[in-house]
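Have a look at the structure below, then the notes.
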Amino acid sequence: DCCRSVTVNEPVVLGLFAGTWNVNGKNCSEADLTEWLTSVSRNGGHDSAPDLYAIGFQEFVDLNASNLLREDPAKRRDCQARIEAALLQLHGEHYVVVAAEQMVGVFLLVFVQQRLASSVTHVLSDSIKTGFGGTAG
(Lines give C-alpha, C1' and ligand atoms only; values in the text may rest on other atoms or scores of the structure.)
Protein backbone atom coordinates (compact mmCIF):
# COMPACT_ATOMS: atom_id res chain seq x y z
CA ASP A 1 0.00 0.00 0.00
CA CYS A 2 1.64 3.24 -1.11
CA CYS A 3 -0.12 5.45 1.41
CA ARG A 4 0.74 3.53 4.56
CA SER A 5 3.84 4.29 6.60
CA VAL A 6 5.43 2.14 9.23
CA THR A 7 7.29 3.52 12.22
CA VAL A 8 10.00 1.32 13.62
CA ASN A 9 11.16 2.19 17.11
CA GLU A 10 14.51 1.10 18.44
CA PRO A 11 14.37 -0.86 21.69
CA VAL A 12 15.05 1.19 24.79
CA VAL A 13 16.66 -0.24 27.90
CA LEU A 14 14.87 0.90 31.06
CA GLY A 15 15.94 0.62 34.67
CA LEU A 16 13.43 -1.00 37.03
CA PHE A 17 13.27 -1.02 40.80
CA ALA A 18 11.01 -3.68 42.29
CA GLY A 19 10.64 -3.83 46.05
CA THR A 20 8.21 -4.87 48.71
CA TRP A 21 7.84 -3.92 52.36
CA ASN A 22 5.76 -5.40 55.18
CA VAL A 23 4.58 -2.26 56.98
CA ASN A 24 2.59 -4.14 59.66
CA GLY A 25 -0.50 -1.96 59.22
CA LYS A 26 1.43 1.26 59.93
CA ASN A 27 1.61 4.39 57.78
CA CYS A 28 5.07 5.00 56.37
CA SER A 29 6.36 8.54 56.57
CA GLU A 30 8.07 10.19 53.63
CA ALA A 31 11.32 9.93 55.63
CA ASP A 32 10.80 6.17 56.16
CA LEU A 33 10.16 5.67 52.44
CA THR A 34 13.18 7.76 51.44
CA GLU A 35 15.42 5.82 53.84
CA TRP A 36 14.12 2.45 52.55
CA LEU A 37 14.43 3.41 48.88
CA THR A 38 17.91 4.86 49.45
CA SER A 39 19.19 1.77 51.28
CA VAL A 40 17.79 -0.58 48.65
CA SER A 41 19.17 1.55 45.80
CA ARG A 42 22.66 1.47 47.31
CA ASN A 43 22.57 -2.31 47.42
CA GLY A 44 21.85 -2.40 43.68
CA GLY A 45 25.05 -0.52 42.86
CA HIS A 46 23.43 1.71 40.21
CA ASP A 47 23.97 5.45 40.22
CA SER A 48 21.17 6.49 37.87
CA ALA A 49 17.55 6.79 38.92
CA PRO A 50 15.37 3.86 37.83
CA ASP A 51 12.92 4.65 35.04
CA LEU A 52 10.23 2.53 36.69
CA TYR A 53 9.39 1.67 40.28
CA ALA A 54 7.19 -1.30 41.20
CA ILE A 55 6.48 -0.99 44.92
CA GLY A 56 4.46 -3.41 47.00
CA PHE A 57 3.31 -3.28 50.60
CA GLN A 58 2.13 -6.20 52.70
CA GLU A 59 -0.14 -5.63 55.68
CA PHE A 60 -0.95 -2.20 54.26
CA VAL A 61 -3.93 -2.17 56.61
CA ASP A 62 -4.53 -4.04 59.84
CA LEU A 63 -5.89 -7.43 58.94
CA ASN A 64 -9.19 -7.33 60.81
CA ALA A 65 -12.80 -8.04 59.84
CA SER A 66 -13.59 -4.38 59.23
CA ASN A 67 -10.75 -3.94 56.74
CA LEU A 68 -11.69 -7.15 54.93
CA LEU A 69 -15.04 -5.62 53.99
CA ARG A 70 -14.07 -2.03 53.15
CA GLU A 71 -11.12 -0.18 51.68
CA ASP A 72 -9.84 3.27 52.56
CA PRO A 73 -9.06 5.21 49.36
CA ALA A 74 -7.71 8.14 51.41
CA LYS A 75 -4.98 5.91 52.88
CA ARG A 76 -3.98 4.79 49.36
CA ARG A 77 -3.88 8.38 48.05
CA ASP A 78 -1.83 9.49 51.05
CA CYS A 79 0.65 6.65 50.59
CA GLN A 80 0.97 7.38 46.88
CA ALA A 81 1.65 11.07 47.57
CA ARG A 82 4.35 10.17 50.12
CA ILE A 83 6.04 7.83 47.63
CA GLU A 84 5.96 10.52 44.93
CA ALA A 85 7.51 13.01 47.38
CA ALA A 86 10.16 10.50 48.47
CA LEU A 87 11.12 9.75 44.86
CA LEU A 88 11.34 13.46 44.06
CA GLN A 89 13.55 14.01 47.10
CA LEU A 90 15.70 11.00 46.26
CA HIS A 91 16.19 11.60 42.54
CA GLY A 92 15.13 15.19 41.89
CA GLU A 93 12.72 13.85 39.26
CA HIS A 94 8.96 13.54 39.22
CA TYR A 95 7.39 10.10 38.98
CA VAL A 96 3.75 9.40 38.18
CA VAL A 97 1.69 6.37 39.05
CA VAL A 98 0.61 4.28 36.06
CA ALA A 99 -1.03 1.44 37.98
CA ALA A 100 -2.23 0.81 41.53
CA GLU A 101 -4.14 -2.13 42.99
CA GLN A 102 -5.11 -3.05 46.53
CA MET A 103 -6.60 -6.24 47.87
CA VAL A 104 -7.09 -5.95 51.62
CA GLY A 105 -3.54 -5.83 53.02
CA VAL A 106 -1.61 -5.99 49.73
CA PHE A 107 -1.04 -2.68 47.92
CA LEU A 108 0.92 -2.54 44.66
CA LEU A 109 1.93 0.59 42.76
CA VAL A 110 3.89 1.15 39.56
CA PHE A 111 5.53 4.52 38.95
CA VAL A 112 7.33 5.83 35.86
CA GLN A 113 9.48 8.91 35.43
CA GLN A 114 7.25 11.76 34.31
CA ARG A 115 9.30 12.30 31.13
CA LEU A 116 8.43 8.72 30.04
CA ALA A 117 4.76 8.73 31.09
CA SER A 118 3.39 9.55 27.64
CA SER A 119 5.16 6.44 26.28
CA VAL A 120 3.44 4.13 28.76
CA THR A 121 0.28 2.81 27.19
CA HIS A 122 -2.00 -0.19 27.41
CA VAL A 123 -1.49 -0.66 31.16
CA LEU A 124 -3.76 -3.40 32.44
CA SER A 125 -4.33 -4.65 35.96
CA ASP A 126 -6.92 -6.84 37.55
CA SER A 127 -7.80 -8.37 40.88
CA ILE A 128 -10.13 -11.19 41.76
CA LYS A 129 -11.84 -11.27 45.12
CA THR A 130 -12.01 -14.80 46.46
CA GLY A 131 -12.99 -14.32 50.11
CA PHE A 132 -16.52 -14.38 51.50
CA GLY A 133 -17.95 -15.99 48.38
CA GLY A 134 -16.13 -13.64 46.01
CA THR A 135 -17.26 -10.42 47.70
CA ALA A 136 -14.05 -9.57 49.58
CA GLY A 137 -10.50 -10.31 49.03
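Conditions (1) of a type in the set (A, V, I, L, M); (2) part of a loop (DSSP other than H, G, I, E, B); (3) at pLDDT below 75; (4) touching a Pro at 6+ places or on another chain (Cβ under 6 Å), marked per residue:
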site	(1), (2), (3), (4)
D1	no, yes, yes, no
V6	yes, yes, yes, no
P11	no, yes, no, no
D32	no, no, no, no
T38	no, no, no, no
P50	no, yes, no, no
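Where the second residue is surrounded by fewer than 16 Cβ atoms within 10 Å (Cβ to Cβ) and at pLDDT 70 or above and the first is at positive phi and lies in the stretch 55-66, which pairs have Cβ atoms under 9 Å and are six or more apart or on separate chains?
Pairs that qualify, where the first residue is at positive phi and the partner is surrounded by fewer than 16 Cβ atoms within 10 Å (Cβ to Cβ) and at pLDDT 70 or above, are E59/N22; E59/N24; E59/G25; E59/K26.
If S127 passes every condition in (1) in contact with a helix residue (DSSP H, G or I) (Cβ under 8 Å, 6 or more places away or on another chain); (2) among the hydroxyl-bearing types (S, T, Y); (3) farther than 30 Å from E10 by Cα but one, which one does it miss?
S127 satisfies all of (1) in contact with a helix residue (DSSP H, G or I) (Cβ under 8 Å, 6 or more places away or on another chain); (2) among the hydroxyl-bearing types (S, T, Y); (3) farther than 30 Å from E10 by Cα except (1).
Testing V112 on (1) within 20 Å of G19 (Cα to Cα); (2) touching a helix residue (DSSP H, G or I) at 6+ places or on another chain (Cβ under 9 Å); (3) modelled with pLDDT under 95, one condition comes back false. Which one is that?
Here V112 meets the rest and fails (3).
Suppose we keep only residues that are under 19 Å from T130 (Cα atoms) and of a type outside the set (S, T, N, Q) within the stretch 101-113. Which one would you say is most open to solvent (accessible area, probe 1.4 Å)?
Out of the qualifying residues, it is L108.
Got at least one residue in the stretch 71-85 being at pLDDT 80 or above and outside any helix (DSSP H, G or I)?
Among the residues of the stretch 71-85, not one is at pLDDT 80 or above and outside any helix (DSSP H, G or I), which makes the answer no.
The values are calculated or read from the model by the stated rules, or taken from the named source; none is laboratory data. Predicted, not measured: the structure shown is a model, and the values here were computed from it. Quick reminder, even Gly has a Cβ in these numbers, built from the backbone with ideal geometry, and neighbours come from all protein chains shown. For accessibility, only protein heavy atoms count, side chains too; no ligands or nucleic acids. Shrake-Rupley method; radii C 1.70, N 1.55, O 1.52, S 1.80 Å.
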